[in-house]
1. How high is the FRET efficiency from T301 to T277, r the C-beta distance, R0 22 Å, rounded to 0.05?
2. Long-range amide H contacts for G272: which residues qualify at under 5 Å (H placed 1.01 Å from N, peptide plane, sequence gap of 5 or more or a different chain)?
3. With +1 assigned to the C-beta of every Lys and Arg and -1 to the C-beta of every Asp and Glu, and no other charges, what is the dipole magnitude of the chain about the Cα centre in debye, to the nearest 20?
4. With each label point set 7 Å from Cα along the Cα-Cβ vector, what nm distance links S255 and Q319?
5. Give the whole-number value, in cubic angstrom per residue, of the convex hull volume spanned by the C-alpha atoms of the stretch 136-265.
6. I need to check one value: relative contact order of the chain, counting alpha carbon pairs closer than 8 Å and at least 6 residues apart, in percent.
7. Which value results for Rg/Rh of the stretch 176-230 when Rg is the Cα radius of gyration and Rh the Kirkwood radius based on the inverse mean 1/r?
8. Give the accessible surface of the stretch 90-149 per residue, rounded to a whole number of Å², with probe radius 1.4 Å and ligands, DNA and RNA excluded.
Amino acid sequence: MKKSKVMLFGAVALTAGLALAACGPSQSSNADKTYSYIFVNNTDTLDYITSTRDSTSSITTNLIDGLLENDQYGNLIPSMAESWTVSKDGLTYTYKIRQGAKWYTSEGEEYADVTAHDFVTGLKYAADKKAENLYLVQDSIKGLADYVEGKSSDVGTVGVKAVDDYTLQYTLNQPETYWNSKTTASILNPVNEAFLKSKEDDFGSVTPSSILSNGPYLFKSFPSKSLIEFDKKPNYWDKDNVKIEKVELSFFDGSDQDSIARGFLDGNYTDGRIFPTSSVFAELKKGNEDKITYTPQNSVTFYYLFNLNRQSYKQTMKQSDKEKTDSRAAMQNKDFRQAINFAFDRQAYAAQTNGENGADRILRNTVTPSNFV
């Protein structure tokens, strides 16, 4: 059985700094069902199909269910697809869509059933709009690349079809044992065709009424740089496993970093990030040692890379043609890049935000987690 929806807000899953991770002292039992924190980036779109930005997905993840999702251990479990089968040649995936799942407006009004046709509509919309993460499936689904590139104008040639209202089928170009993991990506999320047509270019605009929800929450409000609110959907198919009744996120402009920790201690936030290099770190830490924890070391990865084919030098001091040519030659030289890598003191860099004791917690040797396979 599916667990409660994970709140994937970018402001929560920051770098591996210290975080106050218990309920504030003034929170009541009712408040335990409310998740309160911050958000730092206003979004410019709620179009969950075409956008890959965190400012979009941090909202729509809680509103939209795809075919499958991950449990707390990373295992794929049913969501809109109750079950699925794979053909012997590994090319055809057939999903049985959950009957009884519904689309709702932001006001909580039932709009329509979720059907297999919604997933076909979603993929066609992604292809027509040249969605940002279309590359995830463009070469996987039969005929999709030709449709995207204009070699075919018939969407019927694309390997996705609704066999009936509750049976969805994908046909692939080649076997992909990891195909099901792609169904958790927003590019394969459903869209109700009638609603899409009614909204036209306003679909996904920054207002709760611009999209429907088939997920666990209703998007109640989003005044610019103020407050984001979600309410648990009373008729959600898996409502018994959604433990958080309400989500409240207040806008944070970053001007006073320590205000997050103070807000936690005052009972205003469920979590609160603190900074070991802060001048008030010792004060905030005093008496709260048992509430302080490091976020998981593999929760995020940061890395730098070189622009090997750099064309613009407007933001640099390189002005002459020779300077630009020399810069390009240096960046294309493996020894130069390796020298920069060896010279970069990652420990000292990490200590600037995490302090000496926490610096090693965000060090990485690879962008791939050690337990990935």
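1. 0.55
2. The answer is L20.
3. Computed charge dipole of the chain: roughly 860 debye.
4. Inter-label distance under the simple model: 3.7 nm.
5. 207
6. 25
7. Dividing the radius of gyration by the Kirkwood radius yields 1.07.
8. Solvent-accessible surface per residue comes out at 43 Å².
The values are calculated or read from the model by the stated rules, or taken from the named source; none is laboratory data. Values in this document were obtained by computation on a predicted structure and should not be read as measured data. For neighbour counting, all protein chains shown are included, and Cβ atoms are generated from backbone atoms with ideal geometry for every residue, glycine included. What goes into the accessible areas is simple: the full protein's heavy atoms, side chains included, and nothing from ligands, DNA or RNA. Shrake-Rupley method; radii C 1.70, N 1.55, O 1.52, S 1.80 Å.
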